[in-house]
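**Student:** Sending over a structure as C-alpha cells; questions will come in a sec.
Every number here is computed from the coordinates shown, using simple stated rules; none is lab data. Note that this is a predicted model, so its numbers are computed, not measured. Neighbour counts run over all protein chains shown; Cβ positions are idealised from the backbone, glycine included.
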Amino acid sequence: MCKFDINFIVRRMIYMTLMLALTIPLFAALPEGGTVTEGSAIIEVKNNDMMITQNTEKASIDWPSFNIGAQNSVNFQQPSSNSVAINRVVGNEMSTIAGKMTSNGKVVLINPNGMVFSEGSTINVGGLLASSYQANQSTADAYDLQKNNSKISNAGTITAEENVTFLGAHVENTGKISAKGRVVLTEDAKGDVLYLSDGELKFQVVNMPIDGNSANVVDLVTSSINHSGLIEAGDFALNKEGEVVIGGSGETIINQGEIHNPCGKVHIAGKNVALKGAKINVSGKNKGGDINIGGGDYVEFEFCCDCGTILGFEPI
C-alpha cells in the first residue's frame, strides 16, 4: 500500500503557488483604461502590443495606470514629428516601463506617483517628457507643475531625435540617454510651467540659472541628482555641438558616470557637487568644448576630461 504525506503535498502546493506568484508582474503589462480627453486618438490592443493612432496634432489621454511589461510594447503613430501625445496617470500607482515604447512624434508621460524605466527597456521616440510632478492644465497649451517628492529612475536605453526631458524631485540615471541637442539636469527651480508651442515641448523655469527653452533638450529637473550612466548630446558625425547642464541648489553626484558632448559645453553645479570617477568628453573634429564646474558649499572632483577648456570652479 502506498502512503502519501499530505503535509508534504500541501507544502509543495503552497511553494509552487508562491513561485508562480513571483513570476507574475505586480503591475499591468500594458496601459489600462485610457480615456481621450482632448483631440482624437484610437487605442488598440493586439496580443502583447498596444497601438495608439493619433489623428490630431495634439491628443491628451488619461490613464488609471500606465505600465509596459518586459514582453510588451506601446507604439504611438502620430500625424507628424511635431505631434504631441500627453498621457496623464490619474490612478495611485507608479509607472513601470520595462518593455518597448516608440513614437514618430513627441510623447509626454505624467505620473505624480513616480516612474521607473527598468533595465532592458527601450524608448525610441521623436521626443519624450517624463514627469513625476502633478501637471494641471492652465491654458490650452500650458500646464502648471506642482512639485512632490516622487522619483524618476532610468536604467534602460532612451533615444530621441529631439528632446528628452525628465522632471522630478529625485532623478537617478544608471542607463543611457541620448538626444541630439542639449542635456539639462537641474533642481530647485521655482515657477515651473510646461508649455507647447508650434509642436515643440518646452519647459520654462523661472529663476533657473541656465535657459532651458531651446529645442533638442534632455532635461532632468530635480531636488537631487545621481548620474552613473551615460548621457549623450549633440552629434559627432555632423559636428553638431550640444550642451549639458547638471545641477541647481541641491546635491549633485556623478559616480562613474559618463557625459559625451562633442565640441559642446558642460555645466555642473550644485550646493554640494561630487564627481567620482566621472568621464567627460567634449572633444570635437576641429576644436574641443568647454567644461564649467561650480559649487555652493562643497565641490569634490575626480574625473577624466577630454576637452578644450576647463572654464573654472566657482559658484553658479
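**Student:** Work out the FRET efficiency for Lys287 and Gln256 from their Cβ-Cβ distance, taking R0 = 30 Å, and round it to the nearest 0.05.
**Tutor:** 0.65
**Student:** Let's test the formula: R0 of 45 Å, r as the Cβ-Cβ distance of Lys279 and Asn92. What FRET efficiency results, to the nearest 0.05?
**Tutor:** 0.70
**Student:** Right, here's the next one. Okay, which of segment 47-74 sit inside 15 Å, backbone N to the point 7 Å along the Cα-Cβ direction of Glu32?
**Tutor:** The answer is 63-69.
**Student:** Just to be sure I understand: of the beta bridges DSSP finds with both ends in segment 81-184, what percent are antiparallel, rounded to 5?
**Tutor:** 10 percent
**Student:** To continue, here is another question. If you rank His260, His170 by fewest surrounding Cβ atoms within 10 Å, what's the result?
**Tutor:** Lowest count first: His170, His260.
**Student:** Further, regarding this structure: I need the calculated FRET efficiency for the pair Asn136 and Asn55, taking r as the beta carbon distance and R₀ as 41 Å, to the nearest 0.05.
**Tutor:** According to the calculation, E is roughly 0.95.
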